[in-house]
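The values are calculated or read from the model by the stated rules, or taken from the named source; none is laboratory data. What you see is a predicted model, and the numbers here were worked out from it, not measured in a lab. Cβ coordinates were reconstructed from backbone atoms using ideal geometry, including for glycine residues, and neighbour counts include every protein chain displayed. When the accessible area is computed, the model is the full protein with side chains, heavy atoms only, and any ligands, DNA or RNA have been set aside. Shrake-Rupley method; radii C 1.70, N 1.55, O 1.52, S 1.80 Å.
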Amino acid sequence: MSEDSEYNDSTPRLPSRRTIIAGAAWSVPAIAALSASPAAAASNDTVLTFDQASYSGQVCTTISGAYVTATTGGAAAAGKVVTVSLAGGFTFSGGSTSATGTTGGDGRFTLPTITVPNQPNSGTATATATGAAATSVPLQAKGTFARFMTIHNIEVVSDTVFDLIPSTAVPIGGYGLFLDGSTLWYGNSVFSSNISKARGNRSDTTDFFSYIENGVAKSAYGSNGSVTAIRTWANVPGTATPVGAYGTFLDNGNLWYFDAIVASGVDRAAGLSGGMNGPAQGQWQDYVGYFNNAARSFKGVNGTPQDFQAFFNVPSTVSATRMPNLWLNNNGDLWFANLRRESGVSNASGALRTNADDGTIVWTSNTPGAQDVSGYRTGNRRTFNSTPTNATAAGGEGVYVAGSDLWANNQKRTTNVAKAVSDGAPNGYIHISYVTNGC
């Protein structure tokens, strides 16, 4: 029981003189300390504020009209000398990374025009002044180089821009899959920064890609920049090269599929993945064409290789194209499986739609010009008379690059293109991953 609870006299006692004096002695310093608190002192400091929380601009353009406001006690502070420094490749007009100015009657220092870098990057703008705490805001240079175009029949449905990917990146096939040096991008995000080799393709809405990461062979699939699953191939050497189809690699003459050697003495190979019910149903097919002592192929179903075939009519001098079983000889003859389909061909490529039976071969020849043809359907051919005859085939469904122009289905779709690769899809859809030239 406390002393207060033991006291039973309910009459309140008057404080003694000593108590009043003691209370007064403590109350005066307390008031003085409150008036000198840091918060109160800070109200007289200068505060710097940018007019925006962040600034962004497209690469190779400028940002103008930005300013810093100096205030003291909440009021505009004129005559303050403010310095703003830039980082991340951003500069002021003239090339300097800093600018100094004096605030006017409104407390503002308007910055000179800011030059945005020529590649996507992030940086900062930092303002300082005597008697003021430094303040910073983010800067962002947004790219326009890496893109993914979808065409349905002859209409462009979408042309997605991945604004963080530089112009030096290379499309490997699939939505937002670009390799820049050792950095692999997937859907505008860095998938990994330790990639030495990578190849992929898109089938309908699924992206398949295989790669070497830190000397380890791996494969992944996903959709529109979102990874569904990653698999590591412990037996495949880190020196191997992905040949296109999921889980397929070539190393020192050995063709690997799902962590096992399926053929030896191989010096050329190409593969694509897709078809069946897709990863959503846990199923797809991997189509692989390769050459050892003859042109050959197999189909992988859920990791099991089957339907091995050999095509002994195909000359040993052929080169592999992106399309499995599509071979281009050095004399211009184009072979698909065991059939010579065309002569006078300058270059060739291809893609899958739903499955290999519906595959599309695309090539350019001097006469009659740009064409595509279904690989398994003799005589099923289209000629694109408007597409330049010096065009380079970029994949499936009549997609070509002529100079720096991108052509699809006999129409010029865009210009300033550096690299492109195309994949087919069911129901008349075409997917094109491409990079435009730098500015």
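Here are some notes:
- Total residues in the stretch 90-136, condition in a strand (DSSP E or B) and aromatic (Phe, Trp, Tyr): 2
- Residues in the stretch 151-169 that are modelled with pLDDT under 95 and among the polar types (S, T, N, Q): ASN153 only.
- Every pair of residues 6+ apart whose Cβ atoms lie under 6 Å, when the first sits in the stretch 59-78 and is in contact (Cβ under 8 Å) with a residue 12 or more places away in the chain while the second is of a type in the set (D, E, K, R): TYR67/ASP51; TYR67/ARG108; THR69/ARG108; ALA70/LYS80; ALA76/ASP106
- Scanning the stretch 180-194 for residues being in a strand (DSSP E or B) and surrounded by fewer than 22 Cβ atoms within 10 Å (Cβ to Cβ) gives a total of 5.
- In the stretch 188-204, the residues that are in contact (Cβ under 8 Å) with a residue 40 or more places away in the chain and within 15 Å of GLY176 (Cβ to Cβ) reach residues that are of a type in the set (D, E, K, R) and open to solvent by less than 10 Å² (accessible area, probe 1.4 Å) with C-beta atoms within less than 6 angstrom, at least six apart or across chains, in these pairs: ASN201/ASP423; ARG202/ASP423.
- Taken together, the residues in the stretch 88-142 that are small (Gly, Ala, Ser), in contact (Cβ under 8 Å) with a residue 40 or more places away in the chain and exposed (fewer than 15 other Cβ atoms within 10 Å of the Cβ) amount to 3.
- When restricted to residues that are closer than 16 Å to PHE291 by Cβ and either in contact with a Gly (Cβ under 7 Å, 6 or more places away or on another chain) or not in a strand (DSSP E or B) (or both), the stretch 241-263 contains 7.
- Of everything in the stretch 287-303 that is modelled with pLDDT of 95 or more and in a strand (DSSP E or B), the residue that is farthest from SER226 (Cα to Cα) is ALA295.
- In the stretch 230-247, residue farthest from SER192 (Cα to Cα) [restricted to those that are in contact with a Ser or Thr (Cβ under 6 Å, 6 or more places away or on another chain) and small (Gly, Ala, Ser)]: ALA245
- Only residues that are in contact (Cβ under 8 Å) with a residue 24 or more places away in the chain and open to solvent by 20 Å² or more (accessible area, probe 1.4 Å) were counted across the stretch 143-156, and they come to 6.
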